[in-house]
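First comes the structure, then the notes that go with it.
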Amino acid sequence: MQERRVTSPLLALSLASGVAGLLYETIWLRWFRLLFGSTAYAASATLCAFFVGLALGSYLFGRRAAGLRKPLRLYAGIEFAAALAALFVPLMVAAYQPLYGSVYESLAGHRGLFVGLKFALSLIAIVPAATLMGGTLPVLAAAYVGDEKDMGRRVGNLYALNTLGAAIGSAAGALWLPEVVGVWGAYSVALCLSLAVGAASWMLARRPDFIRSETVQKETEAESAPRPLLFVAFISGVGTLAFEVVLMHAIALSLQSSVYSFGAVLIVVLISLAGGSAIVAATANRIAAAPFLIVALLLEAFVLLVLPWAIDVASGGQTISRDPSFWRGILLAATMGGPALVVAGLVLPLTFRLAEGDGGVGPRIGGLLSANTVGGILGSVVASFVLLDWIGLWPSMATIGFIYLVPAVIASVAIAPRSAIDSRRFAPAAFCVAVLFGTVVFSSVSPFRVPVVHLAPQERLVGMAEGAHGLVTVTDTMTPNMKLDRRLRVDNDYVLSGSLAQRHQRRMGHIPLLLHPAPKRVMFIGSATGETSSSALAHPVEEIVLVELVPEVQDLAALHFKEANLGVYQDPRTRVIVEDGRNHVRGAPELYDVIVTDLLVPGRPGVGSMYSLEHFAAVRDHLSEGGVYAIWLPLYQQNLEEFKIISATFAQIFPEASVWRGDFFVGTPTAALIGINGKDPSRAEVERNLQAFSQAGDVEDAWMTEPYGFWSFCLGPLVGSVSFEGVALNTDNWPIFEYRAGRIEREQIDRFLNIGWPAVSASAIDAAQAGGGAFADRPIEAARVGMAMRELSVLSRLGEKGAAARRRIYIKERLPTILLDKPDVTVAEFWPVAVSSR
């Protein structure tokens, strides 16, 4: 009873401190992602800065705690100071904002220097607070452990609760609080939690049962954990963080990415590590630490070696699930990574047990935590930018497994003999282990034989590249009508585009380009295959800027899509930029005549910021007078609520914006919100552009040269298309879109496609008919013919022959003959049946 009275408050403090720490981290990652871009390098710079502070704090405060009779008083001071230092982070972010443009202009072409500067800024902003956070656990351990000989069990419990708190903080900061109370509201929760923990610690420090009465020896080098244990802790950090990175990539091959799915993965990682620590604490009096450590290291190595084969077998050679929900992410992460993570979670707590004995608790725990965190820095960087780039996914996982063999040998030679294990058994045991691992490597279950790409029977792999952003592939697929479709994919599922869609893709570029009288400098965000941006080659532009986040996408598109993209990547007017599109817009010094944002998957992490008020404002500020901005939306991946959020936010910056359709499809329609910086062009000016465009050369798309066909894509004013009453705006501080998109269900999308989108289209046309919005003098009936094209497809699909015949007559009486001469499946998916039948 006495122990429970003493320890329970400190365990609660450890849990709460873990919650606050991960709340800070998730919000810092969000802020610095917005500041530096959604690139792997920017995220790595932020994480490394955080870990540097944790490692430094663990070491420094661990040593300081050894000589204190009231370590809880120091702990309270650390929590108070951490809250104060945490306020410094947003101040640094705000101070850097006005400097970003000049810095980007100077260093954008020097990736290494730019990444180095991002890392330096992250260090300056984050390290003070992170150092204080790193000092919390060693100091709390010094207060919690009464008998140093029971250090392993007690610190194991403390560490398990702290890690569980981290899982809770991660869930709250990544999945819930920013939507409910905003990002600053979530940050305020973390600050209040730190202050509450500090206040509770200060009050507990007055209690006599938390005052250490024993004589504390002067700190010496001998009080630190033995070097073999520090090395094991270091390798544990390398392996755990490297495996987390690789696991994220492995799960991405089987799970659509969203804020919920990958938040779930992080939660599983932390809970699994907490579970491993709890197991070590629970078995402290029953299992000897040294053999337990050796077995854990060998088991982890073996599990990572066979895990690629197990994942491949479990998936049946196919993707496991495309459901991006939170619970699907939990299930996949627990199934694919849970066992390995729990075993990995045994290692560091076992070093705590092996460090038991006379000497200071703080220096020993602080040293082990510091070594583990430094290893984590190295593991995350090497896995992201070396292993995945050089040897690929499954060999990377196996390599991490082999890394665990090194501390297993160290533990057997340098640690085990101290715990009365017969070292004479080492050689035979090592031989058996070597035979086992060799058998796995050279057998059919070898990770070096497991395919990372699974192809359908009719598919052929053309090209592949792996990197920090994922797996990028190019495949050729023979369609049922015997046409070859070349596709560019990310992570086995995210289809960026296909060669059969090139006319449709180019139309997405032609429409905004034709709305500008003389576009000279144009930018395409999300260039992917280059098919949309290839539209610019047919216009008298002087500079084409292609911005793509994933470098492997640009490399493979330039190599394998030359025919589909008309060689836009090699054109002398083209400038290729590997960067987050939002950040390039914010940092670019020049103004653009036309900016086009290509189709983005709404639920993917980072995409929500492309639909934010701040980004739309930055785009407007980088448009020349009369400049045109078009953002294309994949309506087949949205519901009505998401469309309203994007539209309401866009209309705040471009109040005279218009809505355009990209096609007359039923199942996979696209739409554009188009805003113009200044006065809208008149109908006559646009039609002169169409005429000049048709005379400039061989233009394959008659819908982009015939005025009636062109205007059939224009629906009407955005403000009149849908009601914005009660619709919240998507902002950096209140990023509601990414959460709503992450919860979308197929039923909601179908309802939007069948009911919501036709209603939006009709409302926009009616608003235009009433004389509102841009291009009011255009032939409004052309838009109604466009509506009839879609309706005809629906009627043809339903087999309503009579109604379909009436729609067909209506269309043919109004559309120019040139638009009906050739079937065009890029305009209406049921064209051959629905329109050309006579």
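Some observations on this one:
- Of all residue pairs spaced 6 or more apart or on separate chains, those with beta-carbon atoms under 7 Å, a first member in segment 791-805 that is more than 17 Å from Ala759 (Cα to Cα) and a second member that is part of a loop (DSSP other than H, G, I, E, B) are Ser796/Phe830; Arg797/Val666; Arg797/Phe830.
- The number of residues in segment 401-458 that are at pLDDT below 65, basic (Lys, Arg) and surrounded by 12 or more Cβ atoms within 10 Å (Cβ to Cβ) comes to 0.
- All positions within segment 249-276 that are modelled with pLDDT under 90 and in a helix (DSSP H, G or I): His249, Ala250, Ile251, Ala252, Val259, Tyr260, Ser261, Phe262, Gly263, Ala264, Val265, Leu266
- Segment 382-398: number of residues that are out of contact with any helix residue (DSSP H, G or I) (no Cβ under 6 Å at 6 or more places or on another chain) and open to solvent by 10 Å² or more (accessible area, probe 1.4 Å): 7
- Test: residue in segment 104-122 that is open to solvent by less than 10 Å² (accessible area, probe 1.4 Å), touching a residue at least 24 places away in the same chain (Cβ under 8 Å) and aliphatic (A, V, I, L, M): no
- The residue that is farthest from Tyr592 (Cα to Cα), among those in segment 510-553 that are in a helix (DSSP H, G or I) and open to solvent by 10 Å² or more (accessible area, probe 1.4 Å), is Glu552.
- Single condition Tyr739 does not satisfy, out of (1) outside any loop (DSSP other than H, G, I, E, B); (2) under 19 Å from Trp660 (Cβ atoms): (2)
- Filter result for the condition that a residue is on the phi > 0 side of the Ramachandran plot, small (Gly, Ala, Ser) and open to solvent by 10 Å² or more (accessible area, probe 1.4 Å), over Gly678, Gly716: Gly678
- Restricting attention to segment 363-398, the residues that are β-branched (Val, Ile, Thr) and more than 16 Å from Ser236 (Cβ to Cβ) total 3.
- Conditions (1) buried (at least 22 other Cβ atoms within 10 Å of the Cβ); (2) more than 25 Å from Gly360 (Cβ to Cβ); (3) of a type outside the set (Gly, Ala, Ser); (4) modelled with pLDDT of 90 or more; number of the one not met by Ile279: (1)
- Filtered residues of segment 583-604 (kept if open to solvent by 20 Å² or more (accessible area, probe 1.4 Å) and within 20 Å of Val115 (Cβ to Cβ)): Arg586
- Residue check for Leu298: open to solvent by 10 Å² or more (accessible area, probe 1.4 Å) and out of contact with any Ser or Thr (no Cβ under 8 Å at 6 or more places or on another chain): yes
- Filtered residues of segment 173-182 (kept if crowded, with 20+ Cβ neighbours inside 10 Å and of a type in the set (Gly, Ala, Ser)): Gly173, Ala174
- In segment 703-724, the residues that are closer than 10 Å to Ala651 by Cβ and assigned to a strand (DSSP E or B) reach residues that are open to solvent by 30 Å² or more (accessible area, probe 1.4 Å) and of a type outside the set (Asp, Glu) with C-beta atoms within less than 9 angstrom, at least six apart or across chains, in these pairs: Pro717/Gly773; Pro717/Ala776.
- Filtered residues of segment 459-488 (kept if outside any strand (DSSP E or B) and either exposed (fewer than 13 other Cβ atoms within 10 Å of the Cβ) or at pLDDT 85 or above (or both)): Thr479, Pro480, Asn481, Met482, Lys483
- Residue in segment 613-628 that is over 30 Å from Tyr100 (Cα atoms), touching a Ser or Thr at 6+ places or on another chain (Cβ under 7 Å) and among the aliphatic types (A, V, I, L, M) present: no
- In segment 61-81, the residues that are part of a loop (DSSP other than H, G, I, E, B) and either of a type in the set (A, V, I, L, M, F, W, C) or surrounded by 22 or more Cβ atoms within 10 Å (Cβ to Cβ) (or both): Ala66, Leu68
- Boolean, Val722 is more than 17 Å from Gln505 (Cα to Cα) and within 30 Å of the chain's Cα centre (by Cα): no
- Here Ala651 does not qualify as out of contact with any Phe, Trp or Tyr (no Cβ under 8 Å at 6 or more places or on another chain) and open to solvent by less than 50 Å² (accessible area, probe 1.4 Å).
Per-residue answers, yes or no, for (1) under 12 Å from Gly169 (Cβ atoms); (2) open to solvent by less than 30 Å² (accessible area, probe 1.4 Å); (3) not in a helix (DSSP H, G or I):
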site: Pro9; (1), (2), (3): no, no, no
site: Gly18; (1), (2), (3): yes, yes, no
site: Gly21; (1), (2), (3): yes, yes, no
site: Tyr24; (1), (2), (3): yes, yes, no
site: Leu34; (1), (2), (3): no, yes, no
site: Tyr41; (1), (2), (3): no, no, no
site: Leu47; (1), (2), (3): no, no, no
site: Leu56; (1), (2), (3): no, no, no
site: Tyr59; (1), (2), (3): no, no, no
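- Only one of Arg207, Arg227 that is open to solvent by 20 Å² or more (accessible area, probe 1.4 Å), more than 22 Å from Leu60 (Cβ to Cβ) and either at pLDDT 85 or above or charged (D, E, K, R) (or both): Arg207
- Flag for Ile765 being part of a helix (DSSP H, G or I), at pLDDT 90 or above, open to solvent by less than 20 Å² (accessible area, probe 1.4 Å) and out of contact with any Pro (no Cβ under 7 Å at 6 or more places or on another chain): yes
The values are calculated or read from the model by the stated rules, or taken from the named source; none is laboratory data. Everything numeric in this text was worked out from a predicted model, so none of it was measured. Neighbour counts run over all protein chains shown; Cβ positions are idealised from the backbone, glycine included. Remember, those area values only see protein heavy atoms, side chains included, never the ligands or the DNA or RNA. Shrake-Rupley method; radii C 1.70, N 1.55, O 1.52, S 1.80 Å.
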